[in-house]
Every structure is written in structure tokens, then in C-alpha cells.
Amino acid sequence: MKKYGKYLIAAVAGLVFFAACDNYEADDHKFGNAVYLDVAETNEVQLTTFGNNKPTYDCALQAELTYPAGQDVAVTLTVDPSLVGTYNARYGTEWTMLDAKYYELSAESVTIAAGKTTSDVVTLQFKELMGQGEEQTGALPIDETYLVPVRIGHASMDVLHGSDVAYYVVKRSSAITVAAQLTDNWIEFPTLDKYSESSKAWNGLTAVTYEALIYLDDFATSNATGSPVNISSIMGVEQYLLLRIGDTNFERQQLQFDGSGAGSSFGKIPGRDATKNLEKGRWYHVACTYDQAARTARIYVDGQIQSEATEVGISAQSKKNQINLAMRALYDLWNTAPEGDKAQYEELGYDGLSEAYQFFIGRSYDDYRPLNGKIAEARVWSVARTPEQIWESMYEIADPENDPTLLGYWKFNEGSGNTVKDYSMYGNDGIAKYDIIWPQGIEIPKLNETNE
């Protein structure tokens, strides 16, 4: 989809022109019109990485005009193996052309109707990826990279050179290949606000683990209103039990585990330490654990203990200081209880939780503390996972529906839509506040798989 205010800078017949993509003013027409591929408008390289369990994978493209023409414009599309050498010379690679049996263009000719700027959608489908039978005979090799150059072969109008070719970099990967972009977005959990068997498991805890795979595109220092921003929220409950990046008078790029709630009371760990800063532009597995009985809180980065605090938190366990991550569900329990049962819940303070903070992924306090990046494989546990467990299962949880200690497991592997499935036995699906962007070309390397 084109966005208002976006400008295409191009050269046609030696002329440089600026054309607003959605507003076609008279000034636009004094420059030559041209046809190009929409996917190549800003980048000719299309990273096409998909999981090794996908039999097919579809990529959409369209022919597009700078501005509407007064007549139909005919365009032909072609896969051009001769361009593989051009790509390899330009980018210093040695990739080969994908075998033709693995791809198909849904149409080789399209028309941009008079008065319009886009053609019908054409699909470049990658097919037969998993081969045949249990042995996957003929499958596309895993973790090998190939090229499929698609170009405009002919058009009844000038072609915008430089945006007439899209190089699809194709890889069937053993890594995680789907994640959600959470910049200026977050995930809510409506079922945790109502008392049920699904939310019940989230309260009365004595230990907790948070985990997620994250990719930082940026560490924002101001929001859309120009106000300072010093926190990026990963997951948890504000002013209670929260994993985040940054804080006031704290390193902006450093992980912090805030255990200020009544069920933890260990404060914030670790102290300010620039040697523990994260970097943008790479994937991390991050986790934090807290155990009331052991009085220990930890932060993990890429499966290794980064920070640890011992002899912290509550000194004596009781029902009143258990950890409640679904506090509004407790208010709902009190609010809907028969009058004769309300007193026992009031003694525990459930009647005062109507405005309790909620559990979010990617949000805390207000709308201006986003993750500014991507996320996958988010989990919440009712136990403090051991270092061995953290390391071994950074990228996948086996048999999640049969582990009662796994309170929530959101793989973020949908690839479309705004609902994030909970793969745990409790089924608390997440709902995005805004439409989720599902970026292509995701590939998360598995650091715990090493070649011996």
C-alpha cells in the first residue's frame, strides 16, 4: 500500500522527476510517465526466507505507473536467469539460479487500465518446497540460498530503469522465519481481565520466568509528541514485574528487570552498567527469572546469565504476597462473587484491583514506550527456569499444551492478522492494538545449535 507523502525519485530519458504517489497534480505530468515493479520501488532485493515446513510460499507483486495514463498500459513480466551474474557481481555473492520446478509466475502479462496506476496482483509462488513423501524426495535443500530475478520484459510505455527488476533471494531455512514488528504497537490479553480457568493460573504464583526473542531496530529517545523516551517495554506488568530496556538515570540500551510489586519487592536489577548494553540490528534471546523461595532474580541474554541478585525480594512467603499477573481477574472474581463470599477476597485486597495494571507485550505505563523492534517466541512460566532449561529451549518449546507451568506461549508465527495464538494449555490469545506488520526476510539464528 502506498503512503501519503511518499515520493519516488527517478530518472526517465535523462530527466529527474519527483512524483507524489497519491496526489497527481498537474506539475507531475510535465515529466514523463513510467512503469515499474512496486516491490522494487525502494529496494530491488527481496529477501524471501521461509520455514522448512512450508510446502509453498507466495510473493505478491504489481506493475505500477508514476501517475495514471490516458490509455491502457500493457506489461509483460519474465523470470530472467541471465541477471544472476549481474546480482552476484554487484553484491559479491555466488548464489545460483533457483531450479524452475520450484517457482511459477501466476501471470506473465498484465494491464494497467486507463486512469489507474496499478495492475492486478501477480503471484510468484515457490512450490514443491518439501518434496514428496516422508523422505521429502526432491525437496528444496535447507539453508541454501538461490536467486530468482523477475523483471519487466516489455511495456507499452517507458520503463523506469532501476525499479524494473526484483531479485528474490530464496532460502528454505531451519531457523525461525516469522516474527512481528511491534514498533508503535503492542499486544493485549483480554481474557486475563476476566476470572476463568485460563486466567486463574496466572495468579497466586511464587516464581516467574519471562522469555522472548527480540530484535531492536532502534532505541527511541523521543516519541511522536517530542517528549523524551527512556524505556522500551518487552513484557510484564508495569510497577509490578516487568522486563524492559532502559529507565530514568539508567543506560538506555541496558536490560532491566523491575520487581517492584508486592509479590517480589526486589526492586530493579541490575545496576547501571554500560558493559551490559544491547545493540540494535541483531536478534537476542532475553529472559528473566524470580523465585520467592530462593530469593534470587536473574537476567539472561542469549541463554547465559547476564545479571543476578541473591537474597532479594520478600523474606517470608504468604498468600497475601503471592505474585498475581492477572490482577484484574481477581477484581472480577470479587465483583461477581456472592455477597457471603466477598469478605474473604476483600481481605486479600481483590476489591481494590479494578484499576490494576495489566500484562502486556510491548507496552507499559503509557503508549510511548514501545519495543521499537521485532519479537518472536514470547513465554511466561510459573517457575524460575534453570540455566540449562533456558539455554536448551531458547527457540522452541516441545509439547507446550501439556506443561501446566507454561502460562503463555506466543510464537508470533502467524505471518498475517492481528491475533497471536497462545500455544500453552491456557489459550490466552493476544490481540494487537493496531494492525501488525509482519516483515519478510526474517531469519533468527539458533545460537544453541553448534557444530561439534
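The values are calculated or read from the model by the stated rules, or taken from the named source; none is laboratory data. Given the structure is predicted, the values throughout are model-derived calculations rather than measurements. Virtual Cβ from ideal backbone geometry, glycine too; neighbours counted across all protein chains shown. To get the accessible areas, we keep the full protein, side chains included, count just its heavy atoms, and leave off ligands, DNA and RNA. Shrake-Rupley method; radii C 1.70, N 1.55, O 1.52, S 1.80 Å.
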Mind checking the full-extension length gain between Thr42 and Thr275? Use 0.36 nm per residue of separation minus the Cα-Cα distance, one decimal, nm. 80.2 nm
State, to one decimal in nm, how far the label point of Gln344 lies from the label point of Lys54, with both points 7 Å from Cα in the Cβ direction. 5.2
About the Cα centre of the chain, how large is the charge dipole given +1 on each Lys and Arg Cβ and -1 on each Asp and Glu Cβ? Please answer in debye to the nearest 20. 780
Which entries of Lys171/Lys421; Lys268/Lys446; Lys200/Lys342; Lys411/Lys433 have Cα-Cα distances beyond 21 Å here? Lys171/Lys421; Lys268/Lys446
Quick one: order Met97, Met235, Met327 from most to least accessible surface, probe 1.4 Å. Met97, Met327, Met235
Residue-averaged [θ]222 nm for the chain, counting only DSSP H segments that reach four residues, each worth -39500 (n - 2.57): -2000 deg cm²/dmol
So what's the angle, to the nearest 10 degrees on a 0 to 90 scale, between helix 327-336 and the longest Cα principal axis of the chain? 70
Find the relative contact order for the range 290-423 and round it to a whole percent, using C-alpha pairs within less than 8 Å whose residues are 6+ positions apart. 19
Heavy atoms only, 1.4 Å probe, whole protein assembly: order Lys268, Lys54 by accessible area, highest first. Lys268, Lys54
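How much length is gained if the chain between Ser156 and Ser354 is pulled fully straight, taking 0.36 nm per residue apart and subtracting their Cα-Cα distance, in nm to one decimal?
So the chain would gain 64.8 nm between Ser156 and Ser354.
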Isotropic mean projected area of the C-alpha convex hull, the range 310-387 (nm²): 8.1
Please report the carbon-and-sulfur percent of the accessible area for the chain; probe 1.4 Å, protein heavy atoms only, DNA, RNA and ligands left out. 46
Would you mind getting me the FRET efficiency between Thr225 and Gln136? Use the beta-carbon distance for r and R0 = 41 Å, nearest 0.05. 0.20
In Å and on Cα atoms, what radius of gyration and Dmax does the range 173-262 show? 15.6, 44
Solvent-accessible area per residue for the range 162-280 at a 1.4 Å probe radius, Å²? 34
Of every Cα-Cα pair in the chain, the percentage lying beyond 42 Å is 30
What is the calculated FRET efficiency for Thr76 to Ile437, with r their C-beta to C-beta distance and R₀ = 30 Å, to the nearest 0.05? 0.45
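How many percent of DSSP beta bridges within the chain run antiparallel, rounded to 5?
Taking every DSSP beta bridge within the chain, about 90 percent pair in antiparallel fashion.
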Label-point gap, in nm, between Asp403 and Lys116 - each point 7 angstrom along Cα→Cβ: 5.0
Need the full-extension length gain, Thr93 to Thr310, defined as separation in residues times 0.36 nm minus the C-alpha distance. One decimal, nm. 73.1 nm
From Cα pairs below 8 angstrom and at least 6 apart in sequence, can you work out the relative contact order of the chain, rounded to a whole percent? 17
